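Trainee: Following this message is one structure expressed as structure tokens.
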Amino acid sequence: MKKLCYIVSIVLLAACGGSKPADDKVADIAPAQEKTSVLSEAFNTSFGKLLSEYYSLRDALTADDTAAANTAAASLITAAAGVKLDELKAVDTGNIIIPTAKTYTDGISAESKGLIGEAKIGEKRKAFQMISAGLFDLVRTVRYDKEKIYLLHCPMAFNNTGADWLSNATEIKNPYFGKDMLTCGEVRDSVVFR
């Protein structure tokens, strides 16, 4: 019986990799690497430009600057048209992502044109609300994974009906009230596909 136990122990030891110390196994593990994007570099660059122009529009409204808001909205139209949606073919196996994303980029462009046509900042902010909603849906549709995007909410906007906007930081700078109520708001959600 002792022989049988001895043989079983040797077989189990051999099957488990011998008697290599645990310390040696830790040294074999490669250091953690930053996750690479599943989306193409061309798409990520074009989408990053869209976000950048959106943030410029948000900042112009936060500063109560209608002229800067018009300039940013014009740049946003160009950036929306420049998003390289064809680069999503590798991840759009069901042919759903690209047409849906195109609907959102077209909506962002249309609302941006509407924003430029409005004379009053309050009306520009209403258009911005629609742009924000479309962009948030677009981020989730394409599963943009280069940065974390926050959805912020102001409960008092538009006679207490509330409105959302996007940010790459959690700091509250309210584009719906600008200087009047700069820090009114809260982080409502975030999107991160890393």
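Here is a yes/no grid of residues against (1) at pLDDT 50 or above; (2) assigned to a helix (DSSP H, G or I); (3) surrounded by fewer than 10 Cβ atoms within 10 Å (Cβ to Cβ); (4) not β-branched (V, I, T):
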residue	(1), (2), (3), (4)
C5	no, yes, yes, yes
V8	no, yes, no, no
L13	no, yes, no, yes
N44	yes, yes, no, yes
L61	yes, yes, no, yes
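Trainee: State which residue is modelled with the lowest pLDDT when the search covers only region 76-86 and only residues that are more than 17 Å from the chain's Cα centre (by Cα) and assigned to a helix (DSSP H, G or I).
Mentor: Out of the qualifying residues, it is D86.
Trainee: Kindly list the number of the only condition in (1) among the charged types (D, E, K, R); (2) in a loop (DSSP other than H, G, I, E, B); (3) modelled with pLDDT of 95 or more that fails for K20.
Mentor: K20 satisfies all of (1) among the charged types (D, E, K, R); (2) in a loop (DSSP other than H, G, I, E, B); (3) modelled with pLDDT of 95 or more except (3).
Trainee: Okay, next question. Here's a check for you: in region 156-192, which residue that is over 19 Å from A63 (Cβ atoms) and free of Cβ contacts under 8 Å to residues at least 12 places away in the same chain is surrounded by the fewest Cβ atoms within 10 Å (Cβ to Cβ)?
Mentor: Top of the filtered list is N159.
Trainee: Quick one: in region 88-107, of everything that is of a type outside the set (A, V, I, L, M) and at pLDDT below 95, which residue is nearest to N44 (Cα to Cα)?
Mentor: That would be K89.
Trainee: Restricting attention to region 166-175, does a residue exist that is assigned to a strand (DSSP E or B) and among the acidic types (D, E)?
Mentor: no
Trainee: Restricting the first residue to region 84-102 and requiring it to be under 12 Å from R143 (Cα atoms), which pairs with a second residue that is surrounded by fewer than 10 Cβ atoms within 10 Å (Cβ to Cβ) meet a Cβ separation below 7 Å and a spacing of at least six or different chains?
Mentor: Matching pairs, first to second residue: none at all.
Trainee: So which residues in region 142-165 are assigned to a helix (DSSP H, G or I) and out of contact with any Lys or Arg (no Cβ under 9 Å at 6 or more places or on another chain)?
Mentor: Across region 142-165, the qualifying residues are V142, N159, N160.
Trainee: Something else now. Can you pull out the residues in region 149-191 that are touching a strand residue (DSSP E or B) at 6+ places or on another chain (Cβ under 6 Å) and either of a type in the set (A, V, I, L, M) or within 20 Å of K49 (Cβ to Cβ) (or both)?
Mentor: Residues satisfying the conditions are I149, Y150, L151, L152, A157, A163, W165, L166, S167, P175, V187, V191.
Trainee: Inspect all residues belonging to region 116-130 and state whether any of them is touching a residue at least 60 places away in the same chain (Cβ under 8 Å), part of a helix (DSSP H, G or I) and within 17 Å of the chain's Cα centre (by Cα).
Mentor: no
The values are calculated or read from the model by the stated rules, or taken from the named source; none is laboratory data. Given the structure is predicted, the values throughout are model-derived calculations rather than measurements. Positions of Cβ are generated from backbone atoms using ideal geometry, with glycine treated the same way; all protein chains shown enter the neighbour counts.
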